[in-house]
Amino acid sequence: MSTHTSHSLSGEDQGTYAAIATKLPRVALRRRYGLLTVQDARAVTLEWLSNLGFQALVDFGLPEVDDRYHVWRVPLLKRGSRERVGEAVIDAKTSLLLTSRTTTKEVLEARLLGHQGNEHNHHRENVLISSIRNTVVFGDCELALKDLPAESIGLIFTSPPYYNARPEYEDYLSYEDYLLKMRKVIHHCHRVLGQGRFFALNVSPVLIRRTSRGESSKRIAVPFDFHRIFIEEGYDFIDDIIWEKPAGAGWATGRGRRFAADRTPLQYKPVPVTEYVLVYRKHTDKLIDWNIRRHSDQEAVRRSKIRDGYESTNIWKICPAHSKAHPAVFPLELAQRVVAYYSFEGDAVLDPFAGIGTTGKAAVSLRRRFVLIENERRYVDDIRRHMIEWLGQSAKDILWVNCSPPDSEEAVLF
């Protein structure tokens, strides 16, 4: 193993490494894995890095076995700074590196070498307003985000698709595949988000209903997995806001009904009447005050000040919304609060999972611009039908990408 000494852990990690290294083989042996130790995981990763030509640029974090998905995860750190730049994922049974789940060469290269454009923005004196106009994009947001200008967005607010909680959302082979897709979107959002600006996410645990009486339903703590992704993708955690609905709102899930019938202990399950709005800030060494003082339109900053009566706690009591056009819309009031509290007038607000466009409607009502990306044609059609209602004559200035404007059959393509 002498060839791997350049990727040894730092002194402060040695104790933790040694303790975990003695326990992991037991899990690996019990599961009959082909890859048994942290040294083996590092060796496989080093071979892959050598093939890419990155072996001299990358150190390893502490490898860990994830026996939920039968994989080893090896954190990849930028040598010298110890900044996390990616992750290698290895099939624990076959010892093969899973390229579909491992950070790509292109992403690693960008993070290791840095972007000259980002360095320039890091040192500039003023926060500039992007010139991007109101835009509606029909297509996969993972792809569409690549075509947006860097740092052109002042705020991102979205609610990601549910993971297989309802039949219409069963688009993912596994929860791991779902999280991988969300990670890619969050990664691309990082590039288009302005320095030190905010990403707010409306998300909640999901209930996977049982398929027979002989098994239990399963509740997945989605928000906590999202938190890990955000931190690893270069965001700082700011706040956890609790969106509280009226008491009767959660009974439709069926949770709590059995306990309510006979009150037998162990069967207690509270009815969910809350969701999270998790708020993150794109990592920067600049204080939030810098975004305010250096904004190039100080008049817009003054106009954006919040009036009396704002919500001063992290408990927001808002009634849920319902729509015949979409099975899971969030209320306009929720979007308006996020847009008002985390952006300035004139900012561009992005929703990469736009649905029927509630974020866009909130942005317009508060004198912001919008960029809406949606992969379902029927929802884009719904946005198009309501655009005149939102913007009046200004609707003619919207950029329609991969879809036709309301009064034209001519599509705008990438």
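Values in this text are rule-based calculations from the coordinates and carry no lab data. Note that the structure is a prediction, hence the values are computed from the model and not measured. Cβ atoms come from the backbone with ideal geometry, glycine included; neighbour counts cover every protein chain shown.
The table that follows gives values for the structure above.
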item	result
Cβ-derived FRET efficiency at R0 51 Å, Glu389 paired with Leu29, nearest 0.05	0.20
Potential extension, Ser174-Asn402 segment - 0.36 nm per residue separation minus Cα distance	79.1 nm
Relative contact order of the stretch 279-361, pairs being alpha-carbon contacts under 8 Å that are 6 or more residues apart, as %	27 percent
Cα gyration tensor shape of the stretch 129-401, rounded if a/c is under 1.5, else prolate or oblate by comparing a/b with b/c	prolate
Length-normalised contact order of the stretch 129-401 in % [C-alpha pairs under 8 Å, at least 6 apart]	28 percent
Trypsin sites (Lys or Arg not before Pro) restricted to the stretch 74-114 and DSSP loop, no more than 14 other C-beta within 10 Å	Arg82, Lys93
FRET E, pair Phe224, Arg79, Förster distance 45 Å, beta-carbon r, rounded to 0.05	0.90
Taking Cys189, Cys141, Cys319 and counting other C-beta atoms within 10 Å, the order from fewest to most	Cys319, Cys189, Cys141
Where a label projected 7 Å from the Cα of Glu244 along Cα→Cβ would reach, residues of the stretch 266-280 with amide N under 12 Å	273-275
Subset of Lys184/Lys218; Lys105/Lys184; Lys181/Lys269; Lys78/Lys282; Lys181/Lys361 violating a 24 Å alpha-carbon distance limit	Lys184/Lys218; Lys181/Lys269; Lys181/Lys361
Sites Glu47 and Leu266, calculated FRET efficiency, Cβ-Cβ separation with R0 60 Å, nearest 0.05	0.75
Ranked packing of 279-287, 354-362, 131-139, most packed first, by mean Cβ within 10 Å	354-362, 131-139, 279-287
